[in-house]
Structures are given as C-alpha cells and as structure tokens.
Amino acid sequence: MTERSFGRLAGRTALVTGSSRGIGRSIAIGLAREGATVVVNHSGRDATPADSAVAEIEAAGGRAFAIAADIGEVEDCHRLVAESIQVLGHIDIVVNNAGICPAHEFLDLPLDLWQRVQDVNYRATFIVSQLCAQAMVERGEGGRIIAISSISAVMGGSMQAHYAPTKAAVASLMQSISIPLGRYGITCNSVLPGAIESDLTKEGWADPVIRATNEARIPIGRAGTGDDVMGAVVYLASDEASYVTGSTILVDGGLYAFLH
C-alpha cells in the first residue's frame, strides 16, 4: 500500500466483505488509501491474510479492523454488520465483495453446492445491504452501497450455472434498491469485473496458452488486476459519484465489447 493519500474518503468508514484476499483486499486497501477507516472481513478459517491487510493499511497511516464472519450464514451477516458499526461508529460505505465460484458441470450440479453459492453470493449481499441501509437511513447522512458482480452476469458461463445467475441478481438488486434509497442520499451500484488476475485465478493465468488466449480477446491486451476494480469502487464511493446510482460499471478491458 502506498503512503500517498488523496483523501477523497477522509473521515468515512467502510465495510468490505471478503476482503482478506484478491479483489476485496485491493478494494479495502484502496479505500483506506483514500482516507476511509475500513473493516476487513474474512471467513474465519485463516485470519493471517486479513491481519496482513490490516497491518499494511496501518503501516501506511490508515486505520482498519479485521472481523471474522462467514457471510454464507445469516447470523454471521447480522453479527458482521453489528460489530462493524461497533468498531467504526457507523458505516458510510459497504462493498459486497465476498463470493465463491466452485466450477461445476450443470448436469450433475449438486443442489447443496447450488444453495451454498446462492447463500454466499446473493443472500448475503441482500442481508448486508439491507442492514447497512437501515443504519444509514437512521443516521440520516446518506451512504454508498456497492456490489461486486461479474461479467458473467451478462455473459453466463459453461461451468457457472450456479454462479452467473447470482451475479446477475446482485446487479439487479443494486438497481432495485437504488429506487427507494435515493431519497435518503444512499447510492447503490454494481461493478462487473472481467478477466481479473488475482490470488484466486493466478493458477489459470500461469498457463501460457490460457493467458495468450484470454489476452487476445481483451482489447486492452492484458488481464485485469484488483486495483483496476478498486479504482471503480473508490469512484463510486466518492462524492464524485453522488449522482450515480442504479448503475453497472464493466471493468473488463473491453472484453464484453469484443465478444459482442
């Protein structure tokens, strides 16, 4: 994390779900770099990456807290928001980033796996967004609700019959809740990453054939990074996006345009 801060989010607070690794980690660090105090959420199975993210933020002069919660569980969603409000004082920004994508063939996709993906990717986004919105409305100073969707929401995927629909759902959720929440100064938007190279996908990108094939379809000519996604999130969280709500932003290097 660079020590330079532009301060666009100075004095604000943020909860980022699933932010100990990958895109979520980049988002948490990016928000902190802009001055926000951040809750770094992790599942609880291994606290080391979350503690590392907090240490990186604090070493650069920021403030952060790690909170363990498995957001695939309803009770943990409630506890995460309650504990975040307790340590932050209030929540100005919530980024629903946590998600899972265990690739599986459609014809023998187990219902329990399908349900787990729904619970983590969509149900948790609904619950956390609703709880944070309730707190924002009660406080009366507006807020930002952001969901990390996926290019799969508009393209589908051969091994993603359980995953892609959840990403379409969270984008639709942001559009839907932007309507009743607008009067309270709360904006609701989604970011759709394309082919991103991260901790979770680095094994695939390490194959030179797969990399060359993927990059040939991306007009910008490279894989995306967590920081590319973070840039869109920071914009949506800032005052510069105060009139942007109910929107979806593709961060895909032009992949969707190329394929369509």
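Against the definition (touching a strand residue (DSSP E or B) at 6+ places or on another chain (Cβ under 8 Å), among the β-branched types (Val, Ile, Thr) and not in a loop (DSSP other than H, G, I, E, B)), how does ILE27 come out, yes or no? Answer is yes for this residue.
Just one of the listed residues (ALA47, ALA68) is open to solvent by 30 Å² or more (accessible area, probe 1.4 Å) and in contact with a Gly (Cβ under 8 Å, 6 or more places away or on another chain), and it is ALA68.
Conditions tested, residue by residue: (1) among the acidic types (Asp, Glu); (2) at negative phi; (3) free of Cβ contacts under 8 Å to residues at least 60 places away in the same chain; (4) touching a strand residue (DSSP E or B) at 6+ places or on another chain (Cβ under 6 Å).
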| residue | (1), (2), (3), (4) |
| --- | --- |
| VAL154 | no, yes, no, no |
| LYS167 | no, yes, no, no |
| ALA171 | no, yes, no, yes |
| PRO180 | no, yes, yes, no |
| GLY204 | no, yes, yes, no |
| ASN214 | no, yes, yes, no |
| ILE220 | no, yes, yes, no |
| THR225 | no, yes, no, no |
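Please work out which one of (1) of a type in the set (Lys, Arg); (2) in a helix (DSSP H, G or I); (3) surrounded by 21 or more Cβ atoms within 10 Å (Cβ to Cβ) is the condition ARG144 fails and give its number. With (1) of a type in the set (Lys, Arg); (2) in a helix (DSSP H, G or I); (3) surrounded by 21 or more Cβ atoms within 10 Å (Cβ to Cβ) applied to ARG144, the lone miss is (2). The residue of the stretch 204-222 that is nearest to ALA257 (Cα to Cα), among those that are part of a helix (DSSP H, G or I) and open to solvent by 70 Å² or more (accessible area, probe 1.4 Å), is ALA216. The sole residue among ILE93, ILE127 that is of a type outside the set (S, T, N, Q), open to solvent by less than 50 Å² (accessible area, probe 1.4 Å) and touching a Leu at 6+ places or on another chain (Cβ under 9 Å) is ILE93. Before we move on, is VAL229 of a type in the set (A, V, I, L, M), open to solvent by 30 Å² or more (accessible area, probe 1.4 Å) and either in a loop (DSSP other than H, G, I, E, B) or out of contact with any Leu (no Cβ under 8 Å at 6 or more places or on another chain) (or both)? In short, no.
The values are calculated or read from the model by the stated rules, or taken from the named source; none is laboratory data. What you see is a predicted model, and the numbers here were worked out from it, not measured in a lab. Reconstructed Cβ throughout: ideal geometry from the backbone, glycine too, with neighbour counts over all protein chains shown. The protein model used for the area step is the full one, side chains on, heavy atoms only, and it has no ligands, DNA or RNA in it. Shrake-Rupley method; radii C 1.70, N 1.55, O 1.52, S 1.80 Å.
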